[in-house]
Amino acid sequence: MAHKKKTLATALALVLGTLGAHRFYLHGGVDRIGLLHISSLPIAGIIYSNANGLHSFYALLPLLVSAIAACIGALVIGLTPDDQWDARFNAASGTATRSTWVLAVLLVSTLLVGATLLIATIARLFDLLYTGGAYG
């Protein structure tokens, strides 16, 4: 069994988490949550193609929800203690995980991106729902 790197999993969740890359890296190609992440892309396309008079933000909503969930997943992955990480994902690899400063930078970046996405999504959604998009 190959050694699963915590830093790589966190980076995948930050960069390609909307498509579930971190889930497929950790759990393989048949991970249900990973498939749910990747299904957000065709769902967004279906909403966009059938949006008769709806604002285009609603088509982006499945992708934004998937991205926010991926940022939460990146924080969970990155904040898992090394010994627990090895017990769960690297029990048979024989190599110990050792977190470095790169992981700390990824976690700070994830918190910045995730908080920004969450606040912006809530603000835009409330703008559209309560004012009809009067602010943009």
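The values are calculated or read from the model by the stated rules, or taken from the named source; none is laboratory data. Only a predicted model underlies this, so the values are computations on that prediction, with no experimental measurement involved. Quick reminder, even Gly has a Cβ in these numbers, built from the backbone with ideal geometry, and neighbours come from all protein chains shown.
Using the structure shown, decide if Val108 is under 30 Å from Asp127 (Cβ atoms), surrounded by fewer than 13 Cβ atoms within 10 Å (Cβ to Cβ) and of a type in the set (Val, Ile, Thr).
So Val108 passes the test.
Report yes if Ser56 is closer than 18 Å to Leu128 by Cα and over 15 Å from the mean Cα position of the chain (by Cα), otherwise no.
Spelling it out, Ser56 is indeed closer than 18 Å to Leu128 by Cα and over 15 Å from the mean Cα position of the chain (by Cα).
Select from region 91-105 the residues that are over 22 Å from the mean Cα position of the chain (by Cα) and either more than 15 Å from Gly78 (Cα to Cα) or surrounded by 12 or more Cβ atoms within 10 Å (Cβ to Cβ) (or both) and list them in ascending order.
Ala91, Ala92, Ser93, Gly94, Thr95, Ala96, Thr97 - these are the residues of region 91-105 that are over 22 Å from the mean Cα position of the chain (by Cα) and either more than 15 Å from Gly78 (Cα to Cα) or surrounded by 12 or more Cβ atoms within 10 Å (Cβ to Cβ) (or both).
What are the pairs, 6+ residues apart or on separate chains, where a residue within region 1-26 that is farther than 15 Å from Leu106 by Cβ and of a type outside the set (A, V, I, L, M, F, W, C) has its Cβ under 7 Å from a residue that is in a loop (DSSP other than H, G, I, E, B) and at pLDDT below 95?
His3/Asn90; His3/Ser93; His3/Thr95; Lys4/Asn90; Arg23/Asp31
Can you pull out the helices (runs of 4 or more DSSP H) entirely within region 21-136 that have at least 1 residues that are among the basic types (Lys, Arg)?
Because the criterion is at least 1 residues that are among the basic types (Lys, Arg), the helices (runs of 4 or more DSSP H) in region 21-136 that meet it are 21-27, 32-49, 82-89, 101-131.
Output the residues belonging to region 94-136 that are among the hydroxyl-bearing types (Ser, Thr, Tyr) and either touching a residue at least 60 places away in the same chain (Cβ under 8 Å) or at positive phi (or both).
Passing the criteria: Thr95, Thr97, Ser99, Thr100, Ser109, Thr110, Thr121.
Consider Thr121 carefully, then state whether it is modelled with pLDDT of 90 or more and either closer than 17 Å to Ala74 by Cα or of a type in the set (A, V, I, L, M) (or both).
Criteria not met by Thr121.
Each row is one residue, and each column tells you yes or no for (1) modelled with pLDDT under 95; (2) surrounded by 19 or more Cβ atoms within 10 Å (Cβ to Cβ); (3) touching a strand residue (DSSP E or B) at 6+ places or on another chain (Cβ under 9 Å).
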site	(1), (2), (3)
Ala2	yes, no, no
Leu14	no, yes, no
Gly17	no, yes, no
Gly29	yes, no, no
Leu41	no, no, no
Tyr48	yes, no, no
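Which one is surrounded by the most Cβ atoms within 10 Å (Cβ to Cβ), of the residues in region 112-136 that are of a type outside the set (A, V, I, L, M, F, W, C) and over 19 Å from the mean Cα position of the chain (by Cα)?
Within region 112-136, the match that is surrounded by the most Cβ atoms within 10 Å (Cβ to Cβ) is Arg124.
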